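Notes for the one structure printed next.
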Amino acid sequence: MSFLIANLGRAVIRFFTEAGEIFILLGKILAGYKGIYRDRQLLLDQLIVIGFNSLPIVLLVGTFTGAVSAWQTNYQIQNYVPIRFLGLATYKAVIIELGPVLTALMLAGRVGASIAAELGTMKVTEQIDALESLAINSVRYLAVPRFYAGIIMMPILAIFSDVIAIAGAWLVANVLLGIPSAIFFSEIQPRFNPYDVFAGLFKSVVFGAIICLIGCYIGFNTSGGAEGVGKATIRSFVLSAILILVFDYILATVFF
Amino acid sequence: MIEIKNLVKYFGDNPVLRGVNLTIQTGECIVIIGRSGCGKSVLLKQLVGLLYPDSGEILIDGEDLTQMSEQEIYKTRRKFGVLFQSAALFDSMTVSENISLGLHEHTDLPETEIAAIVESKLRMVGLPGIENLKPAELSGGMRKRVGLARALAMDPKYVLYDEPTTGLDPIMADIINEMIMRLNQELDVTSIVVTHDMTSAYKVADRIVMLHRGLIIYDGTPEQVKNTDDPVVRQFIEGRAEGPIKPIPTSGVGSGNRRSI
C-alpha cells in the first residue's frame, strides 16, 4: 500500500514539476519576441519547414476530411433534415472543428515529433551544450523561431485545410450524391458567420503553440542516446495530441 | 585566474563532487585526471555554467559564476572556448558555419573578415580548405580539430578540453596534443584538459590534478605524478585493476539539476 502511495506521490510531483518547467519555457519563449526581427532568417527557415513543407499533407488530409464529412452528414441527415442544409452542416463542422483539429493532429506528428527528434538529437550529442558554450541562448536560437513559426503557420494551414475540405465536400456532394452546386452552397452564404472563422483560427493558433512548445520542451529534456530520442519523438506526439483535444474542448466551451 | 572553492555537486543522492578546491593560474595548462564517471566533465561544465553546483564558488577572474545573472553568465562564457568530447559540431551546418556562428552572433564583423578568421582558424588546426564540408563528411580527428577551431574562433582566454584524445588513433591523439601545447604557448590561453589518457596528460600538462571520490586528491607536475608513491594515483597511472580504487557506482549520474531552459 505504502509502495502505491509513494509511486502516486512521485507521479504527482513529476507532473507538477514538468508542468512548471513547460510554463517557464513558455515564459522564456514569449519574452523572446523582442529578438524575432534580429533572428528573422531563423524564423523564415522555420516558416518554410513548418508551413510550406507541411502544405501537401495538410491539403491531402483536408480533401478527405471534407469528402468524408459530406458523405457521412448526408447519411445522418437524409431522412430528417432538408438536403440543402448539407453544405452548411459540412462547412460548420470543417471551419469550427475538423479543419483546425485534424490539421493540428497531423502537424503534431509531422512537425512536433520532428522538433522533438531534432532538438533531442542535439541534446544527446552535446550540440545544445556547444551552443550555450558559445554564449548563444539555446531557447532564443532554437525554440523561439520554431514557436513563432508554429503560431503563424498553423492558422494559415488551417485556412488552406478549410478551403480544400469544403471543396472536397462539394465534389462528393455534387459528383457522388448528385446535389447541385446551387443547393449545396445555398445555406452557407446567408448563414456565414465570421465568428466561426475567428474561433477556428484562434484554435489553430493555440494548437500551433502546443505542438511547438511540447516539441521544444521534450527535445530540450531528452536523454539516453538514440533510444531516448525515439522515446522523445513518441512522447511529443502523444502529449501534443492529448493537449490538442483537451484544449479543443476548453476552447469550445469558451467560444460556443 | 579561475578559483574553485568547496564545490559540491550531487546527482540525485549520489555525490559527484564533495568539496573540490582548485586554483588555475592564468596561462597554465592544467590536466584533470580521474576514472570515467568520477565527475571530471561535470566539473568542466560547471566552469561555463552548463551545470549548477549545489554549493561552493567558481571565481572567474574574481567574479563568482554561481552568483551571476543569466546575462552575466552568457557574457562570461565569451571568455571560454570548449572542445567537447564528441566535438559536438552542429550537423546541419557546414564547417565554416560551425566556426563562424559565434562571430555572427556576437560581432558586427563584415563577412569577408569572418571568412578570413574561419580560414586562419582552420589553418591553425591543420585543416585548410574544408570550409564547405559538412560534419558527416569528416573523420573523428578532423571533427575534433574543427571543434577546436570553433572553440578558438572568438579568441577565448580559457580553453576547456573534454577528453580531447578519446576515440582517436595514437598518431591523431599526438597531433591533438601537439596542437594543445602550441595553442597554449602561441595564443597565451589558459588550458584546462580533462582526460584519462596519461600519455596526453604527461605531454601537455604544466600541472596534473587527480579527481577521486569527488575530491582533488593529488596536485603536482607531470614529473611528480610519475614518481609519486600515492597508492591511488599509482594504480590509476599504471592502469592496474587491483588497488585501492574501487568501481564507481554510476546510478543517477547524468540526470541531475541541469540549468533549466
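The values are calculated or read from the model by the stated rules, or taken from the named source; none is laboratory data. Just so we're clear, the structure is a prediction, and the values are computed from it rather than from any experiment. Note that each Cβ is placed from the backbone with ideal geometry, even for glycine, and that neighbours are counted across all protein chains shown. Heavy atoms of the whole protein, side chains included, go into the accessibility calculation; ligands, DNA and RNA do not. Shrake-Rupley method; radii C 1.70, N 1.55, O 1.52, S 1.80 Å.
For the range A:158-180, name all the residues that are open to solvent by 40 Å² or more (accessible area, probe 1.4 Å) and not β-branched (V, I, T).
Scanning the range A:158-180 gives A:F160, A:A167, A:W170, A:L171, A:N174, A:L176, A:L177, A:G178, A:P180.
Right, A:D196: in contact (Cβ under 8 Å) with a residue 60 or more places away in the chain and buried (at least 24 other Cβ atoms within 10 Å of the Cβ) or not?
It is false that A:D196 is in contact (Cβ under 8 Å) with a residue 60 or more places away in the chain and buried (at least 24 other Cβ atoms within 10 Å of the Cβ).
Looking at the range B:106-123 only, could you name the residues that are touching a Leu at 6+ places or on another chain (Cβ under 7 Å) and not in a loop (DSSP other than H, G, I, E, B)?
Within the range B:106-123, B:I114, B:I117, B:K121 meet the criteria.
If we scan the range A:216-226, do we find a residue that is under 22 Å from A:V111 (Cβ atoms), assigned to a helix (DSSP H, G or I) and open to solvent by 50 Å² or more (accessible area, probe 1.4 Å)?
Restricting attention to the range A:216-226, the residues satisfying the condition of being under 22 Å from A:V111 (Cβ atoms) are A:216-222, A:226.
Checking the rest, the ones that are also assigned to a helix (DSSP H, G or I) come to A:216-220, A:226.
After this cut, where a residue has to be open to solvent by 50 Å² or more (accessible area, probe 1.4 Å) as well, the list is A:226.
The answer is yes, given that some residue of the range A:216-226 is under 22 Å from A:V111 (Cβ atoms), assigned to a helix (DSSP H, G or I) and open to solvent by 50 Å² or more (accessible area, probe 1.4 Å).
For the range B:12-31, which residues satisfy the criterion of being closer than 15 Å to B:I58 by Cα and crowded, with 17+ Cβ neighbours inside 10 Å?
Once the filter is applied, which keeps residues that are closer than 15 Å to B:I58 by Cα and crowded, with 17+ Cβ neighbours inside 10 Å, the range B:12-31 yields B:L17, B:V20, B:L22, B:I24.
Somewhere in the range A:56-71, is a residue more than 14 Å from chain B (Cβ to nearest Cβ), over 30 Å from B:D108 (Cβ atoms), touching a Gly at 6+ places or on another chain (Cβ under 6 Å) and β-branched (V, I, T)?
Yes, because at least one residue in the range A:56-71 is more than 14 Å from chain B (Cβ to nearest Cβ), over 30 Å from B:D108 (Cβ atoms), touching a Gly at 6+ places or on another chain (Cβ under 6 Å) and β-branched (V, I, T).
Quick check on this structure: which one of A:I128, A:I136 is buried (at least 21 other Cβ atoms within 10 Å of the Cβ) and within 14 Å of another protein chain (Cβ to nearest Cβ)?
After ruling out the rest, the residue left standing is A:I128.
Can you spot a residue in the range A:95-115 that is surrounded by fewer than 24 Cβ atoms within 10 Å (Cβ to Cβ) and within 30 Å of B:I73 (Cβ to Cβ)?
No: the range A:95-115 contains no residue that is surrounded by fewer than 24 Cβ atoms within 10 Å (Cβ to Cβ) and within 30 Å of B:I73 (Cβ to Cβ).
Looking at B:R143, is it farther than 29 Å from A:V139 by Cβ and modelled with pLDDT under 95?
When the stated conditions are applied, B:R143 does not pass them.
Please determine, by comparing only the residues of the range B:99-109 that are open to solvent by 50 Å² or more (accessible area, probe 1.4 Å) and of a type outside the set (D, E, K, R), which one is farthest from the other protein chains (Cβ to nearest Cβ).
Selected residue: B:L109.
Just one of (1) surrounded by fewer than 24 Cβ atoms within 10 Å (Cβ to Cβ); (2) within 13 Å of another protein chain (Cβ to nearest Cβ) trips up A:I83, so point out which.
(2)
From (1) within 20 Å of A:L131 (Cβ to Cβ); (2) open to solvent by 10 Å² or more (accessible area, probe 1.4 Å), pick out the condition that doesn't hold for B:G129.
(1)
Scan the range A:140-157 and give yes if some residue there is touching a strand residue (DSSP E or B) at 6+ places or on another chain (Cβ under 6 Å), within 14 Å of another protein chain (Cβ to nearest Cβ) and either open to solvent by 10 Å² or more (accessible area, probe 1.4 Å) or assigned to a helix (DSSP H, G or I) (or both), otherwise no. Don't jump to the end; show me each part of the working.
Just the residues of the range A:140-157 that are touching a strand residue (DSSP E or B) at 6+ places or on another chain (Cβ under 6 Å), to begin with: none.
There is no residue in the range A:140-157 that is touching a strand residue (DSSP E or B) at 6+ places or on another chain (Cβ under 6 Å), within 14 Å of another protein chain (Cβ to nearest Cβ) and either open to solvent by 10 Å² or more (accessible area, probe 1.4 Å) or assigned to a helix (DSSP H, G or I) (or both).
Would you check which residues across the range A:1-35 are under 22 Å from the mean Cα position of the chain (by Cα) and farther than 20 Å from A:G219 by Cβ and list them?
A:Y33, the sole residue that qualifies.
Is it the case that B:S86 is under 16 Å from A:E132 (Cα atoms) and assigned to a loop (DSSP other than H, G, I, E, B)?
Here the answer is yes, as B:S86 does meet what is asked.
Hey, among the residues in the range B:47-98 that are of a type in the set (D, E) and within 13 Å of another protein chain (Cβ to nearest Cβ), which one's surrounded by the fewest Cβ atoms within 10 Å (Cβ to Cβ)? Don't jump to the end; show me each part of the working.
Here is the first cut: in the range B:47-98, the residues of a type in the set (D, E) are B:54, B:57, B:61, B:63-64, B:70, B:72, B:91, B:97.
Retained after the next criterion (residues that are within 13 Å of another protein chain (Cβ to nearest Cβ)): B:70, B:72, B:91, B:97.
Values: B:E70: 11, B:E72: 13, B:D91: 13, B:E97: 17.
Only one residue tops the list, namely B:E70.
Considering only residues that are within 14 Å of B:C29 (Cα to Cα) and modelled with pLDDT under 90, look in the range B:181-219 and name the one that is most open to solvent (accessible area, probe 1.4 Å).
B:Q185
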